[in-house]
Structures are given as structure tokens and as C-alpha cells.
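Student: Handing you this structure, nothing more for now.
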Amino acid sequence: MTTRTTAPHEGGRTGRWIERWEPEDEAFWKESGERIARRNLLWSVFSEHIGFSIWSLWSVMVLFMGPAYGIDPSGKFFLIATATCVGALVRIPYTFAVARFGGRNWTVVSALLLLAPTAAALVVMEPGTSYGAFLAVAALTGVGGGNFASSMTNINAFFPLRKKGWALGLNAGGGNIGVPVVQLAALLVIGTAGAGHPRLLLAAYLPLIVAAAVFALLRMDNLAPVRSDGGAVREAVREAHTWIMAFLYVGTFGSFIGYSFAFGLVLQTQFGRTPLQAASLTFIGPLLGSLVRPVGGALADRFGGARITLGVFVAMAAATGVVVAASLRESLTVFLVGFVALFVLSGIGNGSTYKMIPGIFQAKALARGMGGEDAAAYGRRLSGASMGLIGAVGALGGLGINLVFREAFRASGSGTAAFVTFLGFYAACCAVTWAVYLRRPAAALLPEAGAAAKPQLTSV
């Protein structure tokens, strides 16, 4: 049975706390675990979705900033990069907040924190505001990026390994859709009220933020077995696979969020699109990339995350080659085809890479002789600790993309050099994925295990 308490928990904590949670126990899962996990997943997705929308606000705010604002494309790219950077860095403390305060409790707090950047943007979004004020508010929107890390850490603990690819993919994909949704909302505002009314968009999000906090308060749970574990954090930091997966996640999620934030500005700067024309195209890639993220997780569940991830990076390199050719020929149609393909592929890769994380740590535990439930608990413990680090580094890839774009446009007025740089990075990701997880998977992933580890690697 699943037990809850509303009495003070350890350390004076209160709220909806579930004391026993054993998702790998099939009887427990069928009796009550699956129903509870799915309910928490639903409201986690909603809150994370709003968080992504707020984090990506400046990808659309820059479309509202016409000549009267006095900010050139380089300055706009830096606003976007600032939001990306802060969102990446806050993912680390957000990850560990789940164990400290409880997944439900922190979801409520993190949702309410989104009110601050939204209200601040309402105040400053008008010509004549100093660039420093815009920069400060862009930095404040970074709190929305942290929601992903806490949400993924929380949902990772709710589901058994055999369901993690699907659950984490759905949770992240539903959150990622917050990016195209805010871009579609901006298109609606620009198309109806004009580019001079960004406050209409901002005002619409205030009640949605409150709704996310209220539903989390009423419908989510805290897991008592998920407690602060400094040892897990230290072990995750020392684990080489944490940083290898962080590197690969730069290639998948870093590409997704970096391109999502920069797409509209690239269309305006390189192809001379108006704000309305750019907004009418900007949402397509992020929407498709978000929708296919659960597909990437499901494919990884079936065929193995490393195989799917390698295929993704090969295809991303090919798509980047198409974008480079289109950029040189100034063909908007071919450019859009290649760029949208990058979004779709990065979405699939996001799902497959995150599926790999718990599988890697559980496989290591099995190779060390741990039993099934002990190995699963170890996998949840280490993967939960590592996800914040991996998510933070991955999001910093989005910062890198926007800074590379900024330099490319400042130097030549074109993004071609930036795409050539990205092509080289995807080639490196291909090499790492193949060398570490596919060439000699048992020896590379579990050097202490030898051949006995091979049957466990299907989950990776």
C-alpha cells in the first residue's frame, strides 16, 4: 500500500508525503504506483510547460523590439544568451531542491517564482528603457529554465526503469512545447494588435502561472524516500559518465533551446523577415522538436538509447550541411527545411540521451553485484543527482549557440560560419557516442564488469 501523511515529516516538513515508493515492484506499481505517478506527471508537465514559456520569453520579446528601442541584432542575441545562461546555471540548485523540500512543494514554489520575471517584463517593455534594465529582466527569466531540472529529477523518481524513457520524454516534451506555444501567442499578438503591444502577451501568462502553482499544490505528492543525499552528488560529480552525457546533451538539448531562442532573430537578420513574418515561422521547429521528444524516449526504450543517439547526431550533421548550403545560396526554403529538421532530430535526441542516464547507473550497479531493487534504487539515486548537472551543461549549449551566432553576424552579417562550427561539434558527438557506448559498450561503460554486463546494456 501507498501511505501518505499530512503531519510534520522529518526536519519539520509538512505536506502530502508518500512514505513508501517502490516502482520496480510490479504488484506495487499495478496496485497504486502507476496511477499516482501518472497524476504527478500530468501536473509536472503543466508547470514545466509554463516555466519553458517564461524562460523563452526573450526569444519573442526581441521580435517586438523595433528601431525605437535602439538595440542592434548583436544586443538582442546577448539578451537571449543571458536568459539562456541563467536558466542553465539555476538548474543545479533546482535539481537538489526536490530532495530538500519535496517534489510537490518545490513545484509550487518554482511556479510562483515565475511571477517575478513576467511582472518585471510588463514594467520594462517599452522604448526608452535602458539596455541594462532589459538585461536584468532577461536574466530574471532564467528561473524558468530551472523548472526543467527539478521536474525531471522528480519524475525520474516516480517511474520504474522500463518506463523512464517514455515518462521522461513526455515530461520534457510537454515542457519543451512551452517554447512554441509562447511563440504562437506572440504571433497572435503581433498579427492582431501589432508589434507595439508586448504587454498583452505578458499579461496572459500571469493567471497561467498561478494556475500551475495551485494545481501542483492540490494534485501532486512528495516522495519521502527521495531525500537530500550529498554523497550521491559527490559520486555523480566524480563519475565520468555524468560529464560524457552532459557533453552529448549539449548536442541535443543545447541545440534545441539555442535554436529555439535564436530562430526568429536569425530569420529577421539574415533573411530580412518582418516581425510578423518571423513569428509566423519561428514556432514550427520548436513545436515539432517538442512533440517528438517522447518518441525519442520510446525508441530508446525499445532499441537502446546509444543507438538512437548516434543516429540522431549523424542526421543532425547532415541537416547542418543542408543549412550551410542554403545559407551560402541565400535560399530561405531550403534553409527552413534544414533548420526544422535540426529541431526534429534534436527533439528525438533529447529523449534518447535522457533515457540513457538511469540505464547507465543501473547497469553499473548490476555489474557490481547489486540485486534488482537495490540496483534500481542506486540508478534512481545517481541519475537523479546527475540530471541537474547534465541538464545545466546541456542548457549552456544553448548559450554557446547564441554567442556563436552573435559573433558570426557581427563579423559577417551571416550565420554561415556559426553553422559550420555546429557541424564540427555534431561530428565530435558522433565520435564520442560511438567510441564510449557502442564500439565496446561493456568494457567502456562498465570496465569492472567484463562480459557479464552485456545483457544489461539494452537499457542504455
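Student: If you take the charge dipole of the chain about its Cα centre, with +1 on Lys and Arg Cβ and -1 on Asp and Glu Cβ, which of Met316, Val432, Gly196 is farthest toward its positive end?
Tutor: Farthest along the dipole direction, towards plus: Val432.
Student: Right, another one. Taking the 0 to 90 degree range and rounding to the nearest ten, how far is the long axis of helix 73-89 tilted relative to the main principal axis of the chain, both from C-alpha atoms?
Tutor: Helix 73-89 sits roughly 10 degrees off the main axis of the chain.
Student: Based on Cα positions only, what radius of gyration and what Dmax would you give for the chain, in angstroms?
Tutor: 21.6, 67
Student: How fast does the range 175-226 diffuse by Stokes-Einstein, in µm²/s, taking the Kirkwood radius from C-alpha pairs at 37 °C and 0.692 mPa s?
Tutor: Values: Rh = 13.2 Å.
Reported coefficient: 250 µm²/s.
Student: Still on this model: May I ask for the longest run of the chain untouched by GluC sites (Glu not before Pro) that are loop-located per DSSP and have at most 16 neighbouring C-beta atoms (other than their own) within 10 Å? Intermediate values should be presented prior to the final figure.
Tutor: On the way: sites that count: Glu19, Glu330, Glu448.
My reading of the result: 20-329 is the longest stretch.
Student: With the dipole of the range 186-285 worked out from charges on the C-beta (+1 for Lys and Arg, -1 for Asp and Glu) around the Cα centre, which of Phe271, Pro207, Met220 lies farthest toward the positive end?
Tutor: Checking the options against the dipole of the range 186-285, the answer is Phe271.
Student: Follow-up question, since we're still on this one. Given the C-alpha atoms of the range 265-353, compute the convex hull and give its volume per residue in Å³.
Tutor: Enclosed volume per residue, from the Cα hull, is 73 Å³.
Student: Hey, which lysines would be in cross-link range of Lys355, C-alpha to C-alpha under 24 Å, not counting anything within fewer than 8 residues on its own chain?
Tutor: Output for Lys355: Lys30, Lys163, Lys164, Lys364, Lys454.
Student: I've got another one for you. Given labels modelled 7 Å from the Cα in the Cβ direction, how far is it in nm from Arg39 to Ala417?
Tutor: About 5.7 nm separates the two model spin labels.
Student: Rounded to the nearest 20 Debye, what is the dipole magnitude of the chain about its Cα centre when Lys and Arg each give +1 and Asp and Glu each give -1 at the C-beta? Intermediate results must be reported in sequence, preceding the final value.
Tutor: Numbers: 35 positive and 21 negative charges, 74 e Å.
Magnitude of the dipole: close to 360 debye.
Student: Suppose every K and R has +1 on its Cβ and every D and E has -1 on its Cβ; what is the size of the dipole of the range 285-427 about the Cα centre, in Debye to the nearest 20?
Tutor: Details: 11 positive and 5 negative charges, 35 e Å.
Rounded to the nearest 20 debye, it is 180 debye.
Read-outs: derived from the displayed coordinates by stated rules, not from any lab. Keep in mind that this is a model prediction, so the values were computed, not measured. For neighbour counting, all protein chains shown are included, and Cβ atoms are generated from backbone atoms with ideal geometry for every residue, glycine included.
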